[in-house]
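Read through the structure below, which is laid out as C-alpha cells, and then see the notes.
The values are calculated or read from the model by the stated rules, or taken from the named source; none is laboratory data. These figures come from a predicted structure and were not determined experimentally. Ideal geometry is used to build each Cβ from the backbone, glycine not excepted, and the neighbour counts take in all protein chains shown.
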Amino acid sequence: MIEAPSNPTQYIQHHLTNLSWSVDKANAGFFTLNLDTLIYSILLGGIFLFLFRFAAKRATAGVPGKLQSCVELMVMFVDNLVKETFHGKSKLIAPLALTIFMWVFLMNLMDLLPVDLLPSLGRAVGVPYMRVVPTTDLNLTFAMSISVFILVIVYNISIKGPWAFFKELTCTPFGPYLFFINFPLAIVHELSKPLSLALRLFGNLYAGELIFILIALLPWWIQWIPGSMWAIFHILIILLQAFIFMMLTIVYLSMAHESH
C-alpha cells in the first residue's frame, strides 16, 4: 500500500497530480497520457450511453418509470433549447447537445464525491495518484472545445462554401479593402471560441476541486459544515457549466449556418 501524504503541501500536490503515462518517461511532454482522465471520462460516457439506451429500450406508452421520466425530461429540455436557438437544419445538433450536456454534467458531478474516497482506494491497490474529476484536466476541456471548433469550421465550409467562408473572414466587418485588418480580427474571433469553452469549464471546476481539497485539510468534525455548504453551492456550478458548454456549442453551430 502506498503511504498517504504527510503534510498539507504534499496533500494538495498529491490531489492535484494526474496519474500519467508517457512513451518517453525521461522526457515526458506532449505525448503524455493522463490515465485517470481517460478512464473516468470514458467510464462516465459509457454510463450515459447505457442509461439512455436502457431507458429507450424499456420505454412504454403508459405510465413511465422514474428513469424513463428523467430521460424524457432531459431529451425534451435539450430539444426545445435547440429549436429555439439553432436556426439551421441538421439532425446532428440535438443529439450532440444532449451528449455534451449529460457527459459534462456527469464528469462535473464527480466533484461531489468525498475528496479522499477514490484516491484512498487507489493507494490501497498501488495507484499513486488519482484525480477523479475529468473536467479539472485542461487537456480534456481543450479536447472537447477543439472538437466543437473543428465541427464549426466544417459546417461553415459545407453550408456556405469555401469561397463564401473565406470572404466572410476577409471582408467582415470593414469591407474587402481592409482585408488586412478583417482577417486578423476574424482569426482572433474564431480562436476565442475554443479558448473560452475550454478555460471557462476548466477554471470553474478546478477552483471547486481546490476548495474541496482545502476543506478536507480541516479536522473531520469541522469540515462537514463548510463542506456541506460548498457542495450545495457547487451543484449550481456543476449544472451551470454543463449548460453553458452545451449552449455555446449550439450558438456557435447556429452561427456557422448563418451569413452576416
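Listed values, structure above:
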item	result
Close pairs (6 angstrom Cβ cut-off, 6 or more residues apart or separate chains): under 17 Å from N34 (Cβ atoms) in the stretch 108-131, surrounded by 14 or more Cβ atoms within 10 Å (Cβ to Cβ) and among the charged types (D, E, K, R) anywhere	D111/E209; M130/D36; R131/D36
Test for I211: is it without any contact (Cβ under 8 Å) to a residue 24 or more places away in the chain and assigned to a helix (DSSP H, G or I)	yes
Residues being modelled with pLDDT of 90 or more and touching a helix residue (DSSP H, G or I) at 6+ places or on another chain (Cβ under 6 Å) - total across the stretch 74-102	10
Qualifying residue in the stretch 72-79 (condition: out of contact with any strand residue (DSSP E or B) (no Cβ under 9 Å at 6 or more places or on another chain) and in contact (Cβ under 8 Å) with a residue 60 or more places away in the chain)	yes
Wholly within the stretch 89-191, helices (runs of 4 or more DSSP H) carrying at least 1 residues that are within 30 Å of S41 (Cα to Cα)	93-109, 117-124, 138-160
Filtered residues of the stretch 52-99 (kept if among the β-branched types (V, I, T) and loosely packed, with under 14 Cβ neighbours inside 10 Å)	T60, V63
Condition broken by I159, with the remaining ones in (1) within 22 Å of H87 (Cα to Cα); (2) out of contact with any helix residue (DSSP H, G or I) (no Cβ under 7 Å at 6 or more places or on another chain) satisfied	(2)
Some residue of the stretch 228-251 being of a type outside the set (A, V, I, L, M, F, W, C), loosely packed, with under 12 Cβ neighbours inside 10 Å and not in a helix (DSSP H, G or I)	no
Residues (part of a helix (DSSP H, G or I) and either basic (K, R) or modelled with pLDDT under 85 (or both)) located in the stretch 14-67	K25, A26, N27, R53, K57, K66
Criterion (out of contact with any Cys (no Cβ under 6 Å at 6 or more places or on another chain), more than 22 Å from G126 (Cβ to Cβ) and surrounded by 12 or more Cβ atoms within 10 Å (Cβ to Cβ)) met by exactly one of L35, L49	L49
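Results for (1) surrounded by 18 or more Cβ atoms within 10 Å (Cβ to Cβ); (2) touching a residue at least 40 places away in the same chain (Cβ under 8 Å), shown as yes or no for each residue.
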position	(1), (2)
K160	no, yes
E168	no, yes
N182	yes, no
W220	no, no
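Listed here are the residues, each with its yes/no results for (1) over 19 Å from M247 (Cβ atoms); (2) more than 20 Å from the chain's Cα centre (by Cα).
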position	(1), (2)
T37	yes, no
I47	yes, no
F50	yes, no
G65	yes, yes
Q68	yes, yes
M74	no, no
K89	yes, yes
